[in-house]
Amino acid sequence: MEKIYFDNGATTCIDNEVLEEMMPYYNKYYGNPSSLHSFGVDAANAIDISRMKIAKILNAKQDEIIFTSGGTESDNLALKGISYSFKEKINTKDNHIITSSIEHPAIIETCKYLQNQGYNVKYLPVDKYGLVKIDDLENAITKNTFLISIMYANNEIGTIEPIKDIGKIAKKYGIIFHTDAVQAVCKTPIDIKKLNIDLLSISSHKIYGPKGIGVLFVKNGIEVIPIIHGGGHEKNIRSGTLNTPGIVGIGKACELGQNRMNIDIPHIKKLRDKLINNLLKISDTYLNGHPTKRLVNNINFHVKNIDGESLLMMLDEKGIATSTGSACSSKKLYSSHVLKELGLNQNQLQSSLRLTLGRENSEEEILYASELIPKVVKKLRQISPI
Amino acid sequence: MKIEYTKIVKDHFYNPRNVGEIKDANGIGTVGSKTCGDVMTIYLRIEKKIIKDISFKTYGCAAAIASGSIATEIAKGMKIQDAMGLTREDIAKKLGGLPEFKMHCSNLAADAIHKAIKDYTKKLKE
C-alpha cells in the first residue's frame with residue numbers, strides 16, 4: 001500500500017489543474033500587474049478573474065476580496081485593521097473584542113497582542129463539543145464592543161460554530177463580525193450575505209491551492225487600517241506587488257472546490273463516517289468534538305491510556321500520516337488549548353489523534369486504517385503498565 | 001524545535017526489547033504519573049546481587065518507550081550497585097541522544113531501575 005495522507009487539515013496537495021493554471025504566470029505572463037504595458041495587463045486580467053471566482057463562492061463583490069500571504073495574515077489584518085480604526089476605544093472599559101477560547105493561534109496571539117495595546121478582549125468558553133453559546137456571546141456584548149471574531153469551524157476538532165446566529169447577534173448590536181473560515185471554505189457552502197459576515201479569512205493551501213496566498217473578504221464600507229504599508233495595493237489595505245501565480249492558484253482552487261463540492265462532500269463524509277464508526281469499536285475510544293456539527297473531513301478521537309505521539313509515530317511507520325492536536329502544537333509538549341477547553345483532562349488530551357481526510361482518499365485506505373489502528377493500539381496497550 | 005529521534009530511538013520504539021512482566025520478579029519499581037505524561041515500571045530478577053533478568057512496561061511517547069527498552073539491555077547482567085549508579089544521561093547517551101524537552105518527562109528508566117532495586121533491598125530486610 002502506498003503512503004496514506006490523513007492530514008489535510010494541516011495542508012493539502014496542490015491540485016494538478018490548479019498548478020497547470022498557475023505555471024504560465026511564473027515565466028510567460030510575469031509582468032507586474034500594476035504596470036501599464038501588455039505584460040502588466042495580462043497579469044492584472046488574471047487577477048481580476050481570480051477575484052471574481054473567489055467573490056462568487058462567497059456571494060461577495062469582486063472589490064471586497066483582498067489578497068494576503070495566507071490565513072495568518074488575513075486574521076492579523078482583520079483584527080488589527082479593525083481595532084486600529086477604533087483607537088478611541090482604548091481608554092474605555094468593558095469588552096472591545098469578543099472571540100472564542102478555541103481559536104487558531106493566528107487569532108489568539110493577535111488578540112493577546114491587541115490586549116497589550118490596550119484593547120479588552122473577551123474569550124468565550126465553549127461547551128464540551130466546542131460550541132460557543134449564543135447567550136454567552138450576547139451577555140458579553142457591551143456598548144464599547146466593536147468586533148466579534150469567531151471561527152467558522154475549528155481546525156483541531158472540526159466543530160462548526162453557529163455562524164448564522166452569531167451573525168444575527170452582530171447585526172442586531174451593530175458590531176463588526178469577522179470569521180476565520182480557513183478550515184470551512186469549500187467544505188460547506190458559505191454565503192456572506194445570508195450569514196451577515198463582514199470579514200472572512202481564507203487560506204489557499206487548505207483547499208488544494210498553493211501555499212503563501214490567502215484572502216481577506218472585507219465588506220464594502222468597513223474600514224480596515226493597513227498593517228503593511230507601501231505602494232497602496234489592494235485598495236490601500238494591503239501593499240506589496242501582487243503574487244500573480246498564487247492569486248491565479250487560489251482562484252482556481254476556489255472554483256474547483258465550488259464545482260466539486262457536491263461530489264467531494266458526500267465522498268469524504270462517507271469515508272469519515274465509516275472510519276469513525278470503526279475507530280469507536282476500539283475499547284475506551286471516544287470522539288472529540290461534535291458528532292454532527294462537524295467538518296466533513298475531520299476525525300479527532302482519544303484512546304484511553306494510549307499516548308498520541310506514540311500512536312502517530314507507529315502509524316507513520318506503517319505509512320499513515322496523522323496529527324496530534326494541530327501541526328503547530330505537535331512541537332510543543334501536549335498543549336492543545338482546544339481540547340483543554342472542551343474539558344478533557346491531561347491524560348485524555350495526550351491520547352488524542354486527529355485524522356483529516358481529503359478528496360484524494362479512497363475506501364481502500366479507510367479499510368487499511370480501520371484494520372491497522374486497532375492493531376497499533378493493542379501493541380501499545382501491551383507495552384503499557386496502566 | 002522539531003521532534004527528531006535518532007535511529008536507535010526509533011529502533012527501540014518500533015521493536016521494544018524485554019517488554020512485559022517477570023513472574024518471579026523480586027524487585028519492582030514504578031515511576032512517573034499518568035497525569036504528567038509518562039509511567040514506567042521495571043521488573044527485576046536479582047540473584048547474588050546481579051540483575052539476572054529485567055523487563056519493562058511503559059505508557060508514554062516514543063522516547064519513554066525507547067528508553068525503557070534500551071535500559072533493560074544496559075542493566076541486564078549488571079551488579080546492583082553499578083545499576084544504582086546509572087543516570088538519565090547514560091540512558092540518553094546510549095540512545096544517541098534525546099530531544100532536550102524529552103529529557104525530563106520521558107527519560108524515566110534510570111529512576112525506575114533504582115526504585116526496583118530499592119524495592120528488592122527493602123524486601124530483603126523485611
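The values are calculated or read from the model by the stated rules, or taken from the named source; none is laboratory data. Everything quoted here is computed from the prediction, not taken from an experiment. In this analysis, Cβ positions are derived from the backbone assuming ideal geometry, glycine residues included, and neighbour counts consider all displayed protein chains. Remember, those area values only see protein heavy atoms, side chains included, never the ligands or the DNA or RNA. Shrake-Rupley method; radii C 1.70, N 1.55, O 1.52, S 1.80 Å.
On the basis of being buried (at least 22 other Cβ atoms within 10 Å of the Cβ) and either modelled with pLDDT under 95 or not charged (D, E, K, R) (or both), does residue A:300 make the cut? I'd like the intermediate steps shown before the answer.
Values: buried (at least 22 other Cβ atoms within 10 Å of the Cβ): yes; either modelled with pLDDT under 95 or not charged (D, E, K, R) (or both): yes.
For residue A:300, the condition - buried (at least 22 other Cβ atoms within 10 Å of the Cβ) and either modelled with pLDDT under 95 or not charged (D, E, K, R) (or both) - is met.
Looking at (1) on the phi > 0 side of the Ramachandran plot; (2) open to solvent by less than 40 Å² (accessible area, probe 1.4 Å); (3) not in a loop (DSSP other than H, G, I, E, B), which is the only condition residue A:186 fails?
Checking residue A:186 against (1) on the phi > 0 side of the Ramachandran plot; (2) open to solvent by less than 40 Å² (accessible area, probe 1.4 Å); (3) not in a loop (DSSP other than H, G, I, E, B), the one that fails is (3).
Out of the residues in segment A:51-96 that are of a type in the set (Phe, Trp, Tyr) and open to solvent by 10 Å² or more (accessible area, probe 1.4 Å), which is farthest from residue A:112 (Cα to Cα)? Talk me through it step by step, then tell me what you get.
First, pick out the residues of segment A:51-96 that are of a type in the set (Phe, Trp, Tyr): A:67, A:84, A:86.
In the following step, the residues that additionally are open to solvent by 10 Å² or more (accessible area, probe 1.4 Å) were identified as A:84, A:86.
Numbers: A:84: 15, A:86: 17 Å.
My answer is A:86.
For segment A:321-329, indicate whether the set of residues that are touching a strand residue (DSSP E or B) at 6+ places or on another chain (Cβ under 7 Å), farther than 30 Å from residue B:55 by Cα and at pLDDT below 95 is non-empty. Before you say what the answer is, go through the steps one by one.
Taking segment A:321-329 as the starting set, the residues that turn out to be touching a strand residue (DSSP E or B) at 6+ places or on another chain (Cβ under 7 Å) are A:321-325.
In the following step, the residues that additionally are farther than 30 Å from residue B:55 by Cα were identified as A:321-323, A:325.
Pick out the ones that are also at pLDDT below 95 and you get A:323, A:325.
The answer is yes; a qualifying residue exists.
For residues that are more than 20 Å from the chain's Cα centre (by Cα) and among the basic types (Lys, Arg), scanning just segment A:57-89, find the one that is farthest from residue A:111 (Cα to Cα).
Among them, the one singled out is A:61.
Go through segment A:254-268 and report how many residues are loosely packed, with under 12 Cβ neighbours inside 10 Å and of a type in the set (A, V, I, L, M, F, W, C).
Of the residues in segment A:254-268, 1 are loosely packed, with under 12 Cβ neighbours inside 10 Å and of a type in the set (A, V, I, L, M, F, W, C).
Out of all the residues in segment A:341-357, is one or more in a loop (DSSP other than H, G, I, E, B), within 14 Å of another protein chain (Cβ to nearest Cβ) and of a type in the set (Gly, Ala, Ser)?
So the first thing to find is which residues in segment A:341-357 are in a loop (DSSP other than H, G, I, E, B), and the list is A:342-345, A:351, A:357.
Cutting the leftovers down to within 14 Å of another protein chain (Cβ to nearest Cβ) gives us A:344-345, A:351.
Filter once more, so that each one left must be of a type in the set (Gly, Ala, Ser): A:351.
Yes, segment A:341-357 has at least one match.
Which residues, counting only those in segment A:122-131, are open to solvent by 20 Å² or more (accessible area, probe 1.4 Å) and either part of a strand (DSSP E or B) or within 20 Å of residue A:85 (Cα to Cα) (or both)?
Result: A:122, A:123.
In this structure, is residue A:274 of a type in the set (Lys, Arg), more than 27 Å from residue A:46 (Cα to Cα), open to solvent by 40 Å² or more (accessible area, probe 1.4 Å) and away from chain B (no Cβ under 14 Å)?
Details: of a type in the set (Lys, Arg): yes; more than 27 Å from residue A:46 (Cα to Cα): yes; open to solvent by 40 Å² or more (accessible area, probe 1.4 Å): yes; away from chain B (no Cβ under 14 Å): yes.
The answer is yes for residue A:274.
Please count how many residues of segment A:147-178 are in a loop (DSSP other than H, G, I, E, B), open to solvent by less than 40 Å² (accessible area, probe 1.4 Å) and farther than 17 Å from residue A:108 by Cα.
The first filter runs over segment A:147-178 and keeps only residues in a loop (DSSP other than H, G, I, E, B), leaving A:150-152, A:154-158, A:161-162, A:174-175.
Pick out the ones that are also open to solvent by less than 40 Å² (accessible area, probe 1.4 Å) and you get A:150-152, A:154-158, A:161-162, A:175.
The next check asks that each one be farther than 17 Å from residue A:108 by Cα; those that pass are A:158, A:162, A:175.
Final tally of qualifying residues: 3.
Report yes if residue B:63 is closer than 22 Å to residue A:382 by Cα, crowded, with 24+ Cβ neighbours inside 10 Å and within 10 Å of the chain's Cα centre (by Cα), otherwise no.
Values: closer than 22 Å to residue A:382 by Cα: yes; crowded, with 24+ Cβ neighbours inside 10 Å: yes; within 10 Å of the chain's Cα centre (by Cα): no.
So residue B:63 fails the test.
Out of curiosity, is residue A:220 among the polar types (S, T, N, Q), within 14 Å of the chain's Cα centre (by Cα) and either under 30 Å from residue A:44 (Cβ atoms) or not in a helix (DSSP H, G or I) (or both)? Quick ask: steps written out before the conclusion?
Numbers: among the polar types (S, T, N, Q): yes; within 14 Å of the chain's Cα centre (by Cα): no; either under 30 Å from residue A:44 (Cβ atoms) or not in a helix (DSSP H, G or I) (or both): yes.
Criteria not met by residue A:220.
Going by what's in this entry, would residue A:284 be described as farther than 26 Å from residue A:362 by Cβ, within 14 Å of chain B (Cβ to nearest Cβ) and open to solvent by less than 10 Å² (accessible area, probe 1.4 Å)? Lay out the reasoning, then the answer.
Values: farther than 26 Å from residue A:362 by Cβ: yes; within 14 Å of chain B (Cβ to nearest Cβ): yes; open to solvent by less than 10 Å² (accessible area, probe 1.4 Å): no.
So residue A:284 does not fit the description; no.
Which ranges mark the helices (runs of 4 or more DSSP H) fully within segment A:8-111 that have 3 or more residues being in contact (Cβ under 8 Å) with a residue 60 or more places away in the chain and either among the charged types (D, E, K, R) or more than 26 Å from residue A:360 (Cα to Cα) (or both)?
On the way: elements: A:16-22, A:24-27, A:38-58, A:71-84.
In segment A:8-111, the matching helices (runs of 4 or more DSSP H) lie at A:38-58, A:71-84.
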